[in-house]
1. Could you say whether any residue in segment 107-118 is under 20 Å from GLY222 (Cα atoms), assigned by TED's automatic domain parsing to the domain that holds ALA210 and touching a helix residue (DSSP H, G or I) at 6+ places or on another chain (Cβ under 8 Å)?
2. Scan ASP25, ASP3, ASP11, ASP53 and give me the residue that is at pLDDT below 75, out of contact with any Asp or Glu (no Cβ under 7 Å at 6 or more places or on another chain) and at negative phi.
3. Determine whether ALA254 is at pLDDT 95 or above and crowded, with 19+ Cβ neighbours inside 10 Å.
4. Which ones in segment 29-73 are in contact with a strand residue (DSSP E or B) (Cβ under 6 Å, 6 or more places away or on another chain), part of a strand (DSSP E or B) and more than 25 Å from LEU189 (Cβ to Cβ)?
5. Quick one: GLY101 ticks every box in (1) at negative phi; (2) assigned to a loop (DSSP other than H, G, I, E, B) except a single one, so which number is it?
6. Hey, any hits in segment 66-74 for a residue that's closer than 21 Å to PRO37 by Cα and out of contact with any Gly (no Cβ under 7 Å at 6 or more places or on another chain)?
7. Go through (1) part of a loop (DSSP other than H, G, I, E, B); (2) over 20 Å from GLY282 (Cβ atoms); (3) modelled with pLDDT of 95 or more and name the single condition ALA209 misses.
Amino acid sequence: MNDALATFSHDPSVLRLLEQHGQADATLIALPSDASPRRYFRLAAADLLLMEDRTDPKGFAAFIRLAGHLADLGLSAPRVHCTDPGVGLALIEDFGTATYGTLLAAGHDETSLYELATDTLVHMHAHPQATAVEVPAYDMDVLLQEVSIFSNWFVPAFDPTVDVAAFDAPFRDLWRAALGPVRDAPQTLVLRDFHIDNLMLLEGRSGVAACGLLDFQDGGLGAAEYDLMSLLQDARRDLAPGLEQAMLQRYCSAIPATCGTPAEILKRYHLLAAQRHLRLLGLFPRLAKRDDKAGYLAFMPRVMGQFQNALKDAHLHEIADFMDVRLPGWRDAVPAMVKTVAARP
């Protein structure tokens, strides 16, 4: 056990929570972390995880609340056994190690996994009680704040001489106009982090319950297509040819008409894809420079390609023209930018 893990294991609040659940002698195994400050520790031989998030009490409370809500909808979120919200600790169900990412890397059938995930989204987005939970709105204000992540982090990394404020204001205006169909979309519960590293295949469960859901604490009320796009246009991997279109068709054929026509769904899907890829092009440099997580820069080339395709698919010609004028050369900037950002202290 390393020193940091040993110190954590002997933290009085950790010991108290473990003792309350009869796990005082449990051995903790640290799991790999992601872009968030949240940490997970596996309790050896106990089918439990210790979740720690001492920096975000609202996110911690949202995780606990949404875990129960998703279970009420017939979906599989980790069962919460006990919590100490005052210090951001919880003992939750351990779904094991069969994440979609792990399974795909081992050669598991890709189509069956994506069919299950797509069916899970249909179930959640169409459920009449999906919105019966306290979550923030994933609305135009939030979408535009995310646009500004690109302005504040990608733009200066690309060209430090650009006046970010002068770029961002008209850029946001263009996006506000373009995202009108998203603003007017039927509202449902969206988890906002629906991708292969947050999905698991659970043995012994049938139907959509076989899809385990992780890291949903940022869920909100917004346009359903955001989750579908997060799944099918993943920054982490390319899908097999034709799979994205097959899953879009599967979703559109199963979702109730009250959620929109196929044309409306696809319009919002492409708009949200462009907005999300833009955000990631700013987020990954921020993670590298501010949070010392340079590993995410490896996804930049794929996301740049996805963003340019999404601009075309969503017919965002005015936004593309604006970027070409204000940021000449931005389309080919990623290779040099990755080297520059990674090298800066």
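The values are calculated or read from the model by the stated rules, or taken from the named source; none is laboratory data. Being a predicted model, the structure only gives us computed values, none of them experimental. We place every Cβ from the backbone using ideal geometry, glycine too, and count neighbours over all the protein chains shown.
1. yes
2. ASP3
3. No.
4. Those that are in contact with a strand residue (DSSP E or B) (Cβ under 6 Å, 6 or more places away or on another chain), part of a strand (DSSP E or B) and more than 25 Å from LEU189 (Cβ to Cβ): ILE29, ALA30, ARG39, PHE41, ARG42, LEU48, LEU50, GLU52.
5. The single condition GLY101 does not satisfy is (2).
6. Within segment 66-74 (the criterion being closer than 21 Å to PRO37 by Cα and out of contact with any Gly (no Cβ under 7 Å at 6 or more places or on another chain)), the answer is yes, since at least one residue qualifies.
7. If we test ALA209 against (1) part of a loop (DSSP other than H, G, I, E, B); (2) over 20 Å from GLY282 (Cβ atoms); (3) modelled with pLDDT of 95 or more, just (1) comes out false.
Table: residues versus (1) exposed (fewer than 15 other Cβ atoms within 10 Å of the Cβ); (2) outside the structural domain of ASP193 (by TED's automatic domain parsing); (3) outside any helix (DSSP H, G or I).
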site	(1), (2), (3)
LEU271	no, no, no
GLY282	no, no, no
GLY295	yes, no, no
PHE299	no, no, no
MET304	no, no, no
MET323	no, no, no
PRO328	yes, no, yes
